[in-house]
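Participant: Have a look at this one before I ask anything.
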Amino acid sequence: MKIVMLGAPGAGKGTQAKKIAEEYGVPHISTGDIFRANIKNNTPLGQQAKIYMDKGELVPDELVVSLIMDRFDEPDCEKGYVLDGYPRTIPQAKALDKALEDNGEKLDYAIDVDVPDEVIIDRMSGRRACLNCGATYHIVNNPPKTESVCDACGNELVQRDDDKEETVKNRLDVYHDQTEPLKQYYADAGVLYTVDGTKEMEEVFKSICSIVE
Ligand code: ADP
Ligand code: AMP
C-alpha cells in the first residue's frame, strides 16, 4: 500500500498519516520530521534545511529527493508507506513516479485533506509538537493529557518555529503556488481522493479508511 497525503500545512496530514500507518502496518514517512530530527542533531543536512524551513520556504528538490530515495531503500518500505509532506512540487512527484516505475510499482492513493485557509491558521497556531517522537497535538482540538507533555513518550511539547504567524502566511502562499498543482497531477493519474479535513479527526480517518478499503 503506497499512499501520498496531500493538503496544506496544518491540514492534518501528519495526524491522519500516523493513524493510517498504525492501522495498516506501513511506515509513516514525514520529510518534515526527518528534517527536524536532523536540525535537532545539528547534522549538515539539518543546517541546510533549517535555512529554508525557518523562512517557510521549501527545501530544494535535490536535497529532498535524495533524502526520500535513501529512505525508500530501508527494509520497512517493502510493505509500502504513507508519505506525509512529500511530494511538495511537481519535480518531486515525478521523481517518486520514476522510482516506483523503476521497481514496476505504482502509487495507490493520493489523499487530499481539504481544509480552507482560515481553519489552517488556527490549526497551526494551536499545534504543539513532540520533537522526540513526532506526535502532534492541538491546544484546543487535541490536547495532551498533561499540559506540554507528550502522551506517547513523555518529552516536552513545543511550538514549531515555523508555526509562528509570519511564517504560516508564507507557508500557505508556498503551498498554493508550488504544492496545490499536485492535485491536478494526481487527478490526471487517476489516484486522487479528497476528504473533508474540517471534520473531527476520527471522522476524517473513517473517510480515509473507506477509500483505502
Ligand atoms: P499537517 O501534518 O498537515 O501539517 P497536523 O497533522 O500536524 O498537520 O495537524 C495540524 C494541527 O491541527 C495539529 O495541532 C492537530 O492536532 C490539529 N488537527 C489535525 N486534524 C484535525 C481535525 N480533524 N480537527 C481539528 N484539529 C485537527
Ligand atoms: P512539514 O513538517 O511537512 O510541515 O514540513 C516543514 C518544513 O519542512 C516545510 O515548510 C519545508 O520547509 C520543509 N519540507 C518538508 N518536506 C518538504 C518537501 N517535500 N519539499 C521541500 N521542503 C520540505
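Here, each number is a calculation from the coordinates, and none is a lab measurement. Quantities reported herein were computed from a predicted structural model and do not represent experimental measurements. Positions of Cβ are generated from backbone atoms using ideal geometry, with glycine treated the same way; all protein chains shown enter the neighbour counts.
Participant: For residue 106, list the lysines whose Cα falls under 29 Å from its own Cα; do not include residues on the same chain fewer than 8 positions away.
Facilitator: By straight Cα distance, residue 106 reaches 2, 13, 18, 19, 79, 94, 98, 183, 206.
Participant: Let me check I've understood the local charge: for residue 182, count other residues with C-beta under 12 angstrom from its C-beta, Lys and Arg +1, Asp and Glu -1. What total comes out?
Facilitator: Residues near residue 182 contribute -2 overall.
Participant: Short version: ³J(HN,Hα) in whole Hz for each residue of region 26-33, in order, from phi by Karplus 6.51 cos²θ - 1.76 cosθ + 1.60 (θ = phi - 60°), x for Gly and Pro, what are they?
Facilitator: With coefficients 6.51, -1.76 and 1.60, one gets 10, x, 9, 10, 10, 5, x, 4 Hz.
Participant: Using θ = phi - 60° and the Karplus form 6.51 cos²θ - 1.76 cosθ + 1.60, what ³J(HN,Hα) does each residue of region 112-122 get, whole Hz, x for Gly and Pro?
Facilitator: 8, 8, 8, 9, x, 4, 4, 6, 4, 4, 5
Participant: Something else: Separation of region 30-96 and region 119-176 by C-alpha centroid, Å?
Facilitator: 19
Participant: Can you list the residues, at least 5 places off or on another chain, whose amide H is less than 5 Å from the amide H of residue 4, using H built in the peptide plane?
Facilitator: HN-HN under 5 Å from residue 4: 83, 109, 110, 111.
Participant: What does the convex hull of the Cα atoms of region 1-149 come to per residue, in Å³, rounded to a whole number?
Facilitator: Expressed per residue, the convex hull around the Cα atoms of region 1-149 is 123 Å³.
Participant: Please give the net charge around residue 46, taking every other residue with its beta carbon less than 11 angstrom from that of residue 46, where Lys and Arg add +1 and Asp and Glu add -1.
Facilitator: +3
Participant: Could you give the C-alpha radius of gyration of region 53-97 expressed as a fraction of 2.2 N^0.38 Å, taking N as the number of residues it contains?
Facilitator: Dividing the Cα radius of gyration by 2.2 N^0.38 Å gives 1.22.
Participant: If you don't mind, there's one more thing I want to ask. Rounded to the nearest 500 deg cm²/dmol, what is the calculated helix-only ellipticity per residue at 222 nm for the chain, with -39500 (n - 2.57) per DSSP H run of length n ≥ 4?
Facilitator: Taken over the chain, the calculation gives -13500 deg cm²/dmol.
Participant: Net charge near residue 146: determine it from the other residues with C-beta under 13 Å of the C-beta of residue 146, scoring Lys and Arg +1 and Asp and Glu -1.
Facilitator: -1
Participant: HN-Hα J couplings of region 38-47 from phi, Karplus 6.51/-1.76/1.60, θ = phi - 60°, integer Hz, Gly and Pro as x?
Facilitator: Karplus values, whole Hz, x for Gly and Pro: 5, 5, 4, 8, 6, 7, x, 4, x, 4.
Participant: Turning to a different aspect of this structure: Which order do the peptides 142-154, 75-87 come out in when sorted by mean C-beta neighbours inside 10 angstrom, highest first?
Facilitator: Order by mean packing, descending: 75-87, 142-154.
Participant: Let me ask another. Scan around residue 160 for amide H atoms under 5 Å from its own, H built in the peptide plane at 1.01 Å from N, and keep only partners 5 or more places away or cross-chain.
Facilitator: Amide H neighbours of residue 160, under 5 Å, 5+ apart: 129.
Participant: Taking 8 Å as the Cα distance limit and 6 or more residues as the minimum spacing, I'd like the relative contact order of the chain as a percentage.
Facilitator: For the chain, the relative contact order is 31 percent.
Participant: Next question, about the same structure. Placing unit charges on C-beta atoms (Lys and Arg positive, Asp and Glu negative, everything else neutral), compute the dipole magnitude of the chain about its Cα centre in debye, rounded to 20.
Facilitator: Here the size comes out at about 360 debye.
Participant: Something else about it: Considering only 59, 46, 69, whose Cα is most displaced toward the positive end of the charge dipole of region 31-73, charges sitting on Cβ of Lys, Arg (+1) and Asp, Glu (-1)?
Facilitator: Value computed over the given set: 46.
Participant: While we're here: In straight Cα distance, which lysines are under 16 Å from residue 50, not counting same-chain residues fewer than 8 positions off?
Facilitator: 40, 164
Participant: A further question follows. Restricting to the chain, compute how many DSSP beta bridges are antiparallel as a %, nearest 5.
Facilitator: Roughly 30 percent of the DSSP beta bridges within the chain come out antiparallel.
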